Amino acid sequence: MDSIPTPPEPRLRVAIVGAGVGGLTLAYALSKADDIRVDVYEAAKQLAEIGAGIGLFWRSQRVLTDLGLKDAVTALGSTFQDGYVPAFRCRKSNQPEGEDIKQMRIKGGLTAVHRAEFYDILVQKLASTSQYATHTSKRLVSYSSTPDGPLTLLFEDGTTAEADVVIGSDGLRSATRANMYKALAAETGNPDLEDHIRAKFTGTVSYRTVIPREKLAAINPNHRVLTGPVQYLGTDKHMVAYPISKGRLLNLAMFECRFDQEDTEYEGPWVTKAEPEDVAKKFEGWEPEVADLMKAIQGLSIGSWVINVVKPLPTFAHGQVALLGDAAHAMTPLQGAGAGQAMEDAYVLAPLLRHPSTTRKNVARALSIYSQIRMPGAKIVVDMSRENSYLSAFRTPGEDNVPLSELGERMQRCWEMTHGRNDPLDDVNKALELLEKEIAP
C-alpha cells in the first residue's frame with residue numbers, strides 16, 4: 001500500500017487575527033502561495049460581517065481586479081467603470097426646498113455592494129483552499145516571542161497557537177495593536193506610545209439601516225435614491241443613501257455631529273439600537289426627499305454606531321507582527337474608504353510575504369517595508385475622511401460663510417485625493433523593489 005506523503009513544512013506560518021473584510025482579503029491573496037500556511041482566528045462564534053453597504057471606487061476596483069475577484073463582485077449587480085463618472089449628488093437639504101451643491105465625479109464611479117454578499121465571496125473562495133483554516137471563538141489576549149523562535153498567541157479561552165507572522169486585522173479595539181504598542185513603549189521608554197491603543201470619539205454618531213426598494217418607491221416612485229447615490233447635507237447632520245443588491249435594497253447612513261466632543265473618550269456602548277421615530281425627529285424640516293426617507297425607515301431596525309478612531313500610528317509593524325485595516329488606521333466613514341483601505345493593505349502585504357526570499361529570519365524586514373509603503377497613503381485617506389466629515393456638516397473651522405460652491409469643490413478634492421491617486425499596483429511594485437534590494441539574493 002502506498003504511503004501518504006507528508007506535506008512539506010511551510011515556508012511561513014501566518015496567523016491573521018480577525019476575519020473581517022481585510023483579514024479574509026489577505027488570506028485569499030496569500031492562498032496563491034502553496035508554501036504559506038494561513039490560520040485566521042476570529043473572536044465571534046461564526047464568520048459574519050456586520051454593516052450594510054460597501055462603496056468600491058477605482059482603487060478598490062483595481063485591487064479586486066488584480067486579485068481575480070472582479071467577475072464575482074460585478075455579479076452582485078454593479079459594474080467597474082473607467083475614467084471619471086458621476087457618483088454622489090450632493091444637496092443642501094436642511095430646508096423645505098433642497099438645492100444641489102455639486103454632482104461629484106469620481107474616478108471609477110461608485111460600485112456599491114452589500115457587505116454581507118461581498119464577504120460571502122471571500123468565504124467561498126477560501127473554502128477550497130488547503131493551506132487555509134479558520135478558527136472561531138478565538139479572541140486574542142496577547143502574543144509573545146522568543147529569540148529566533150515562533151510567536152505564541154494566547155486566546156481568551158486559554159488555548160494557544162504558534163505562528164511565524166501575526167497580522168492584526170482585529171479592528172478598532174485591536175488586541176494586537178494594544179500588545180504591539182505596549183511592547184514599543186517598554187522598549188523605547190516612551191509611555192506616550194500607549195496613547196495609540198485607546199480609541200477616541202470623533203464627535204459623530206451614525207444611524208444605519210437598509211430600506212427595501214419597494215417601500216420607498218411606494219412613498220415616492222421618483223425618489224433620486226432609487227436610481228443613484230445621493231448625499232443630503234445640513235448643519236451638523238447629514239446622510240447618504242444608495243442602491244445595493246442589484247437595486248433591491250437601499251443603504252442609508254445618517255450622521256449626527258458634535259465636533260466639540262472630538263478627541264474625547266466616549267463613555268457608553270459603541271453599538272446600540274435607535275428608534276426610527278427618534279431618528280426621524282433629528283431631520284424634521286428637511287427637504288421632501290429626506291422626509292420620504294424618514295417615512296420609509298419607520299418599522300425598520302436601525303443601528304446606532306459611535307464613530308471612533310485611533311491616533312495616527314508611527315508604524316504599522318513591529319518585529320514579526322503587523323497591523324491591517326482599522327487596527328492600523330481607523331477613520332471616519334465619510335469617504336467610503338475603510339474597507340477599501342483594508343483591501344489595499346492586504347494587496348501590498350501579500351506579495352511581500354509570498355516572495356520566495358521572505359523567510360522566518362527576515363520576515364520582520366518585509367513587514368517593515370509594508371508599513372513604510374502603506375502608511376503615507378493611509379494617512380492621506382484618514383485626513384481626507386476627517387476633512388469631509390466637517391465639510392459634510394457645513395463646518396469649516398476658522399472660516400465663516402464659505403459659499404456652497406466652494407464647499408462642493410473642497411468635497412470633490414477629498415474624493416479625488418482618496419480614490420483617484422496613483423495606481424495601487426505602483427505601491428506593490430515599490431514594496432517588492434525595496435524587498436528585492438534589501439533581502440533577495
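The values are calculated or read from the model by the stated rules, or taken from the named source; none is laboratory data. Because the structure is a prediction, the values reported are computed rather than measured. Positions of Cβ are backbone-derived with ideal geometry, glycine not excepted, and every protein chain shown enters the neighbour counts.
Applying the condition of being out of contact with any Gly (no Cβ under 9 Å at 6 or more places or on another chain) and among the polar types (S, T, N, Q) to segment 393-430 and asking which residue is surrounded by the fewest Cβ atoms within 10 Å (Cβ to Cβ) yields 401.
Please indicate, with yes or no, whether at least one residue in segment 196-215 is in a loop (DSSP other than H, G, I, E, B) and aliphatic (A, V, I, L, M).
As a first pass, look at segment 196-215 and keep what is in a loop (DSSP other than H, G, I, E, B): 197-198.
Among the residues that remain, those that are also aliphatic (A, V, I, L, M) are: 197.
Within segment 196-215, one or more residues are in a loop (DSSP other than H, G, I, E, B) and aliphatic (A, V, I, L, M).
Of all the residues in segment 119-161, those that are of a type in the set (Ser, Thr, Tyr), surrounded by fewer than 19 Cβ atoms within 10 Å (Cβ to Cβ) and in contact with an Asp or Glu (Cβ under 9 Å, 6 or more places away or on another chain) number 4.
Considering each of 300, 250 in turn, give the residue that is of a type in the set (A, V, I, L, M, F, W, C) and either part of a strand (DSSP E or B) or within 20 Å of the chain's Cα centre (by Cα) (or both).
Values: 300 fails: either part of a strand (DSSP E or B) or within 20 Å of the chain's Cα centre (by Cα) (or both).
From the options 300, 250, the qualifying one is 250.
Scan segment 127-166 for residues that are of a type outside the set (Phe, Trp, Tyr) and not in a loop (DSSP other than H, G, I, E, B) and the total you get is 19.
Return yes or no: is residue 242 of a type in the set (Ser, Thr, Tyr) and not in a strand (DSSP E or B)?
Working: of a type in the set (Ser, Thr, Tyr): yes; not in a strand (DSSP E or B): no.
Taking the combined requirement at face value, the residue does not satisfy it.
The single condition from (1) in contact (Cβ under 8 Å) with a residue 60 or more places away in the chain; (2) under 21 Å from residue 20 (Cβ atoms); (3) not aliphatic (A, V, I, L, M) that residue 173 fails is (1). Going by the structure shown, is residue 116 in a strand (DSSP E or B), surrounded by 14 or more Cβ atoms within 10 Å (Cβ to Cβ) and not aromatic (Phe, Trp, Tyr)? Spelling it out, it is not the case that residue 116 is in a strand (DSSP E or B), surrounded by 14 or more Cβ atoms within 10 Å (Cβ to Cβ) and not aromatic (Phe, Trp, Tyr). Being in the same structural domain as residue 36 (by TED's automatic domain parsing) and at pLDDT 95 or above holds for only one residue in 219, 211, 167, and it is 167. The residue that is nearest to residue 336 (Cα to Cα), among those in segment 395-430 that are of a type in the set (Lys, Arg) and in contact (Cβ under 8 Å) with a residue 40 or more places away in the chain, is 421. Selection within segment 323-344: residues that are touching a strand residue (DSSP E or B) at 6+ places or on another chain (Cβ under 6 Å) and closer than 14 Å to residue 415 by Cα. The member of this set that is modelled with the lowest pLDDT is 336. Among the β-branched types (Val, Ile, Thr), exposed (fewer than 15 other Cβ atoms within 10 Å of the Cβ), modelled with pLDDT of 95 or more and out of contact with any Lys or Arg (no Cβ under 9 Å at 6 or more places or on another chain): does that describe residue 315? So residue 315 does not fit the description; no.
Just one of the numbered conditions (1) at pLDDT 95 or above; (2) among the hydroxyl-bearing types (Ser, Thr, Tyr); (3) within 30 Å of residue 389 (Cβ to Cβ) is not true of residue 358: (3).
Restricted to segment 271-285, and to residues there that are over 17 Å from residue 210 (Cβ atoms) and not acidic (Asp, Glu), the residue that is nearest to the chain's Cα centre (by Cα) is 272. Of the listed requirements (1) in contact with a Lys or Arg (Cβ under 6 Å, 6 or more places away or on another chain); (2) not in a helix (DSSP H, G or I), residue 64 misses just one: (2). At least 1 residues being in the same structural domain as residue 149 (by TED's automatic domain parsing), among the aliphatic types (A, V, I, L, M) and at pLDDT 90 or above is the threshold, and among the strands (runs of 3 or more DSSP E) wholly inside segment 1-61 those reaching it are 12-17, 36-41. For segment 200-246, how many residues are without any contact (Cβ under 8 Å) to a residue 12 or more places away in the chain and either small (Gly, Ala, Ser) or buried (at least 19 other Cβ atoms within 10 Å of the Cβ) (or both)? Total satisfying the criteria: 2. Filter segment 167-195 down to residues that are touching a Gly at 6+ places or on another chain (Cβ under 7 Å) and part of a loop (DSSP other than H, G, I, E, B) and give me whichever is surrounded by the most Cβ atoms within 10 Å (Cβ to Cβ). Among them, the one singled out is 169.
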